[in-house]
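**Q** Encoded as structure tokens, here's the structure I'll be asking about.
The values are calculated or read from the model by the stated rules, or taken from the named source; none is laboratory data. Note that the coordinates shown come from a computational prediction; the quantities given were computed from them, not determined experimentally. Positions of Cβ are backbone-derived with ideal geometry, glycine not excepted, and every protein chain shown enters the neighbour counts.
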Amino acid sequence: MSSVLKLFRTTTFRLALVFMALFGTAAACAIGYIYWQTNVLLNRQLEQTIEAEVQGLAEQYRAGGISNLAKTVANRSLAAGNSIYLVTDSEGDRITGNLTSISRDLWNKVGRVEFVYNRPGQKGSESRLALVSVFRLKGGFRLIVGRDIEDRRVFERVVQSAFILGLGFMALVGLGGGWLVSRSLLSRIDAVTATSRTIMEGDLSGRVPVVGSGDELDRLSENLNAMLDRIEQLMVGMREVSDNIAHDLKTPLNRLRNRAEAALREKGGAKPYRAALERTIEEADDLIKTFNGLLSIARLEAGASQGAMEEIEAAALIRDVVELYEPAAEDKGLSLRAESAEGVRLVADRQLIGQALANLIDNAIKYGGGDIQVSAIDTGASVEIGVGDHGPGIPEQDRARVLKRFVRLEESRSRPGSGLGLALVAAVARLHGGEVRLDDNEPGLRAVLSLPHKTNHNGSVGAQ
């Protein structure tokens, strides 16, 4: 019973009832108008027919009196049809005509009269409806002229039956159709409700079913599922970030505390205190860099661009960043070269792209080896800025994982870094509607920042 009540409360079922009521009203008005116009036409024809009969009999009466009128009525009464004739004397007795008898009430009336009379039929005497004109003649004689209109009464009954049955059938079909549509829609809405309850209970893997019909509910389900995928990614990322922060920041904070405690135990004067403070400041700077990196990634993932979009000449940007990192590469005995062709352009945030490229070059210097090549090519669909080295590379199964925050493949974590560099590059790429790929450089690793030629401020790809 509750399911039936829930069905009646659905918007779809109520809309079906409203449309059924509107359609029923329109159909009733149309049938009523047709019936009214048909009646008007039939009545007009009937009036014209009776009037013609009356005019003809009036001429015969004027020409030969009651005897000539009776003779004419007798002749016309022999013809088959729906015409009705009767001539009576002053006492109401029948003289001639095809109407066998009349009531005293009809005999006393004058003018147009509608009445029921009996006539022989296939199953004996049958009652029929007639419309006549009653005239009083000189000497008390009566003349009744009219037509049998039983067919019109049958027509009225047929129209009424068709109207009632049609509306009843339409109501039945409307209620059935509304019930079926509402039940189908309600089942899909219940699936969405069940999925939302599952997610609210903490299971972020729940998804809205897609039936494959391609209708608006399927499109809504696909968009909701895409949104849920993104929410799940963000929630998983948040949990990972929380775990990584607790793990990666606990060590430097412990070092800070231990150094401060060791400095307090020292008795060598200001010199050990100064050294301890310098190391503490260095550790604090590293922590600040980590938090700044997290803040930058959060802003980028929220779609907040740090600068205005402008047209960038890729070769010039690469030369500037390579020139900045050449001393660091030389210190490690590495060769850093820019090999970008001229004329490769894209519309993007120069500061963010420069920061992402700097992170890729910095990673290549820290973890790569051999020659480091920085290039930019135009593939037609996008601009690809690549940084390749000939170091140990990254195993294929770990390439997607290292783009997340705080992920470092070095188990000892003895080298400097926070594991946020590639995550920042990935966030910059998403902001510009692009992606980051980590390919095999044979040997080594080639990190590719793939960006569309033109992007909007919200990161969606625009037309060039």
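**Q** Could you please let me know if residue 119 is in contact with a strand residue (DSSP E or B) (Cβ under 7 Å, 6 or more places away or on another chain) and at pLDDT below 85? So that I can check it myself, show each step before the final result.
**A** Numbers: in contact with a strand residue (DSSP E or B) (Cβ under 7 Å, 6 or more places away or on another chain): yes; at pLDDT below 85: yes.
Taking the combined requirement at face value, the residue satisfies it.
**Q** Using the structure shown, decide if residue 101 is modelled with pLDDT under 85 and under 23 Å from residue 127 (Cβ atoms). Please lay out each step first, then the result.
**A** Values: modelled with pLDDT under 85: yes; under 23 Å from residue 127 (Cβ atoms): yes.
So residue 101 fits the description; yes.
**Q** Now for a separate question. Before we move on, is residue 123 more than 17 Å from residue 57 (Cβ to Cβ) and either surrounded by fewer than 18 Cβ atoms within 10 Å (Cβ to Cβ) or out of contact with any Pro (no Cβ under 8 Å at 6 or more places or on another chain) (or both)?
**A** Values: more than 17 Å from residue 57 (Cβ to Cβ): yes; either surrounded by fewer than 18 Cβ atoms within 10 Å (Cβ to Cβ) or out of contact with any Pro (no Cβ under 8 Å at 6 or more places or on another chain) (or both): yes.
Spelling it out, residue 123 is indeed more than 17 Å from residue 57 (Cβ to Cβ) and either surrounded by fewer than 18 Cβ atoms within 10 Å (Cβ to Cβ) or out of contact with any Pro (no Cβ under 8 Å at 6 or more places or on another chain) (or both).
**Q** Does segment 11-32 contain at least one residue that is at pLDDT 85 or above and within 30 Å of residue 134 (Cβ to Cβ)?
**A** The answer is no, given that none of the residues of segment 11-32 is at pLDDT 85 or above and within 30 Å of residue 134 (Cβ to Cβ).
**Q** Looking at segment 27-67 only, could you name the residues that are more than 23 Å from residue 140 (Cβ to Cβ), surrounded by 14 or more Cβ atoms within 10 Å (Cβ to Cβ) and polar (S, T, N, Q)?
**A** 38, 39, 49
**Q** Which one is nearest to residue 69 (Cα to Cα) among residues in segment 79-112 that are in contact (Cβ under 8 Å) with a residue 24 or more places away in the chain and of a type in the set (A, V, I, L, M)?
**A** For segment 79-112, the residue satisfying everything is 87.
**Q** What are the pairs with Cβ atoms under 6 angstrom where one residue, in segment 400-429, is closer than 17 Å to residue 234 by Cα and the other, located anywhere, is at pLDDT below 60 and part of a loop (DSSP other than H, G, I, E, B)? Sequence gap at least six, or different chains.
**A** Matching pairs, first to second residue: none at all.
**Q** Under 21 Å from residue 126 (Cβ atoms), in contact with a strand residue (DSSP E or B) (Cβ under 9 Å, 6 or more places away or on another chain), touching a residue at least 60 places away in the same chain (Cβ under 8 Å) and not in a loop (DSSP other than H, G, I, E, B), is that true of residue 66?
**A** Working: under 21 Å from residue 126 (Cβ atoms): no; in contact with a strand residue (DSSP E or B) (Cβ under 9 Å, 6 or more places away or on another chain): yes; touching a residue at least 60 places away in the same chain (Cβ under 8 Å): yes; not in a loop (DSSP other than H, G, I, E, B): yes.
Judged against the criteria, residue 66 is not a match.
**Q** Return the only residue of 295, 277 being within 14 Å of residue 428 (Cα to Cα) and at pLDDT below 80. Spell out how you get there, then give the answer.
**A** Working: 277 fails: within 14 Å of residue 428 (Cα to Cα).
Result of the check over 295, 277: 295.
**Q** Separate question: Those residues that are of a type in the set (Gly, Ala, Ser) and closer than 18 Å to residue 163 by Cβ, I need them from segment 18-57; list them, please.
**A** First, the residues of segment 18-57 that are of a type in the set (Gly, Ala, Ser): 21, 24, 26-28, 30, 32, 52, 56.
Those that are of a type in the set (Gly, Ala, Ser) and closer than 18 Å to residue 163 by Cβ: 21, 24, 26, 27, 28, 30, 32.
**Q** Limited to segment 200-226, what total is found for residues that are in a helix (DSSP H, G or I) and modelled with pLDDT of 80 or more?
**A** Here is the first cut: in segment 200-226, the residues in a helix (DSSP H, G or I) are 200, 216-226.
With the extra rule that they be modelled with pLDDT of 80 or more, the set shrinks to 200, 218-226.
Here the count works out to 10.
**Q** Let me ask something additional. Would you be able to tell me the number of residues in segment 314-330 that are free of Cβ contacts under 8 Å to residues at least 12 places away in the same chain and under 13 Å from residue 372 (Cβ atoms)? Can you show your working first?
**A** We begin by selecting, within segment 314-330, every residue free of Cβ contacts under 8 Å to residues at least 12 places away in the same chain; these are 316, 323, 326-327, 330.
Okay, now just the ones that are also under 13 Å from residue 372 (Cβ atoms), so 326, 330.
Total meeting the criteria: 2.
**Q** Working only within segment 73-109, note down all residues that are in contact with a strand residue (DSSP E or B) (Cβ under 8 Å, 6 or more places away or on another chain) and part of a loop (DSSP other than H, G, I, E, B).
**A** Within segment 73-109, the first condition is being in contact with a strand residue (DSSP E or B) (Cβ under 8 Å, 6 or more places away or on another chain), and the residues that meet it are 73-74, 76-77, 82-89, 92, 94-103, 106-107, 109.
Within segment 73-109, 82, 89, 92, 98, 99, 100, 101, 102, 103, 109 qualify.
**Q** Tell me, which residue of segment 201-232 that is among the polar types (S, T, N, Q) and surrounded by 12 or more Cβ atoms within 10 Å (Cβ to Cβ) is nearest to residue 184 (Cα to Cα)? Steps first, answer last, please.
**A** From segment 201-232, those among the polar types (S, T, N, Q) are 205, 213, 221, 223, 225; that's our starting set.
Adding the requirement that they be surrounded by 12 or more Cβ atoms within 10 Å (Cβ to Cβ) leaves 221, 225.
On the way: 221: 15, 225: 20 Å.
Once the filter is applied, the top-ranked residue is 221.
**Q** Here's something else I'd like to know. Among the residues of segment 148-171, are any over 30 Å from residue 31 (Cα atoms) and not aliphatic (A, V, I, L, M)?
**A** Keep residues of segment 148-171 that are over 30 Å from residue 31 (Cα atoms), which gives none.
No: segment 148-171 contains no residue that is over 30 Å from residue 31 (Cα atoms) and not aliphatic (A, V, I, L, M).
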